[in-house]
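None of the figures in this text is laboratory data; all of them are computed from the coordinates on show. All values derive from a computational prediction rather than experimental measurement. Cβ placement follows ideal geometry from the backbone for every residue including glycine, while neighbour counts extend to all protein chains displayed.
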Amino acid sequence: MHSMKNSGNTGKVRVFSGAQPSGDMHLGNYLGAFKNWARLQADHECIFCVVDLHAITLFQDPKILASQTREAAAAYIAAGVDPDRCILFNQSRVSGHAELAWIFNCVARVGWLGRMTQFKDKAGKNREKASVGLYIYPTLMAADILLYKASRVPVGADQKQHLELTRDIAQKFNNDFGVDFFPLVDPVITGEATRVMSLRDGNKKMSKSDPSEMSRINLTDDVDVIARKIQKARTDSGEIPDNVEGLKDRPEAANLIAIYAALSDQTRAQVCEDFGGRGFSNFKAALTELAVTVLGPITSEMKRLKDDPAYMDSILDAGAIKARELSEPVLREVRQIVGFLGV
Ligand code: AQP
């Protein structure tokens with residue numbers, strides 16, 4: 001019987017997550033993902049990956065991909081991920097991700113992928129010209145997680161649909177082959193800012209690929225840049241409401257309150273209570289001070305790590321070795337289940 005147990009030798013539940021080294025990491029990545037990753041380390045077996053195979057679904061300049069990959073890993077560490085307590089590596093180093101993704105391409109259905117809103121958003125009107133990789137991105141994501149039989153996946157709210165697809169793939173694989181092999185993953189989408197929005201448009205996600213630098217706070221931004229971006233953040237003409245209901249249909253106000261709440265580990269209700277009735281200029285000054293206090297140490301740690309590429313490479317080398325060790329037995333069993341010769 002192929003077992004679904006996924007806690008390795010540690011007895012802890014296994015967690016997997018990653019981010020694409022496709023540009024500067026930003027506040028959305030921090031609040032939606034990295035901050036929760038750091039929290040989960042205490043009582044989970046954690047695997048955190050810089051997903052460079054995902055990054056190339058949109059063209060990446062080969063001259064900078066390696067440094068962006070190191071920088072992404074530096075952002076994880078600066079945000080609190082401890083390479084001594086978890087496995088940290090870059091995806092392309094473990095070829096099992098691509099191999100399992102191929103098998104999942106043959107399990108997933110075209111119709112399932114056609115419903116993915118991230119593909120529609122990223123391909124836009126240029127659907128016919130989008131890479132095939134961008135279309136099948138979610139099957140690679142399913143492989144990333146299931147290659148380690150991880151069952152908890154901390155992500156921002158934008159990844160919920162991809163995780164539902166991961167469950168569908170796991171379930172269909174188990175049904176098709178008559179096994180109880182892959183676990184059904186649980187998304188971990190927590191915090192007060194699971195979907196941080198653009199500072200320029202409260203209806204658009206804060207994103208690395210937004211052409212406007214003013215739309216996001218990068219984890220590499222210095223104090224002056226953070227202050228300028230918050231000061232120029234779009235707001236409406238109202239005041240801060242004294243309860244969360246007052247944020248309804250006010251996407252920009254709701255976004256800034258959620259960011260404040262998440263950065264200060266309070267609820268949005270508490271923030272509304274504290275700032276209710278005040279104007280945005282007053283609130284923005286407080287938000288700037290808070291953002292600088294929380295992000296300042298992250299920025300300086302990232303800079304320190306960025307200046308030490310040899311150290312970053314040693315972390316990623318060691319992580320890749322451990323990731324391969326964990327993934328190989330799973331992959332061997334998958335090959336057997338599928339019926340490949342020569343396993
Ligand atoms: N705006 C966001 N709010 C909350 N969480 C977010 N995440 C990304 N943006 C936000 C979470 O960060 C993790 C890593 O994301 P990713 O880099 O793999 O890809 P993405 O979601 O496509 O991020 P971007 O910034 O929008 O990148 P581009 O512009 O390159 O597509 C994920 O857990 C994600 O949920």
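Here the stretch 1-157 is described by how far its Cα atoms reach on the three principal axes: 46, 42, 27 Å, from widest to narrowest. Within the same chain, lysines fewer than 8 places from K248 are excluded, and of the rest, those with a Cα less than 17 Å from its Cα are K204. Rg ratio for the stretch 213-303: its Cα radius of gyration over 2.2 N^0.38 Å, N being its residue count, equals 1.07.
Here's how it looks for C86: its modeled amide H is under 5 Å from none belonging to a residue 5 or more places away or on a different chain. For the chain, the 222 nm mean residue ellipticity estimated from helices alone, with every DSSP H stretch of n ≥ 4 adding -39500 (n - 2.57) and the total spread over all residues, rounds to -16000 deg cm²/dmol. Quotient of the Cα radius of gyration of the chain and 2.2 N^0.38 Å, N being its number of residues: 1.02. Quick check on my link table: of K122/K160; K208/K322; K63/K129; K120/K160; K122/K172; K12/K322, which ones sit more than 19 Å apart, alpha carbon to alpha carbon? Violating the 19 Å Cα-Cα cut-off are K208/K322; K63/K129; K122/K172.
The modelled label-to-label distance for the pair T293/F340, using points 7 Å beyond Cα in the direction of Cβ, is 5.3 nm. In the neighborhood of L140, defined by Cβ-to-Cβ distances under 14 Å, what is the net charge if each Lys or Arg adds +1 and each Asp or Glu adds -1? Taking every other residue near L140 into account, the sum is -3. Peptides 49-61, 277-289 ranked from most to least packed by the mean count of surrounding Cβ atoms within 10 Å: 49-61, 277-289.
Comparing Cα centroids, the stretch 287-327 and the stretch 125-198 end up 25 angstrom apart. A simple spin-label model places pseudo-atoms 7 Å from Cα toward Cβ; at R332 and D308 they are separated by 3.6 nm. Under the convention that each Lys and Arg Cβ holds +1 and each Asp and Glu Cβ holds -1, the size of the dipole of the chain around its Cα centre is about 800 debye. Residue by residue, the stretch 321-326 carries 3J(HN,Hα) couplings of 4, 5, 5, 4, 4, 6 Hz when phi is fed to the Karplus relation 6.51 cos²θ - 1.76 cosθ + 1.60 (θ = phi - 60°); x denotes Gly or Pro.
Taking a point 7 Å from the Cα of D242 along the Cα-to-Cβ direction, the residues of the stretch 256-280 with backbone N closer than 20 Å to it are 257-258, 261, 267-280.
In the stretch 213-303, taking the dipole from charged Cβ atoms about the Cα centre, the farthest positive-side position among A254, S215, S281 is held by S215. Taking K and R as +1 and D and E as -1, what net charge do the other residues with C-beta under 11 Å from the C-beta of A310 add up to? Overall, the nearby charge balance is -3. Computed extension gain for A157 through R278, at 0.36 nm per residue and net of the alpha carbon distance, reaches 40.6 nm. Of the trypsin sites (Lys or Arg not before Pro) in the stretch 101-142, which ones lie in a loop per DSSP and count no more than 16 other C-beta atoms within 10 Å? Answer by residue number: R109, R115.
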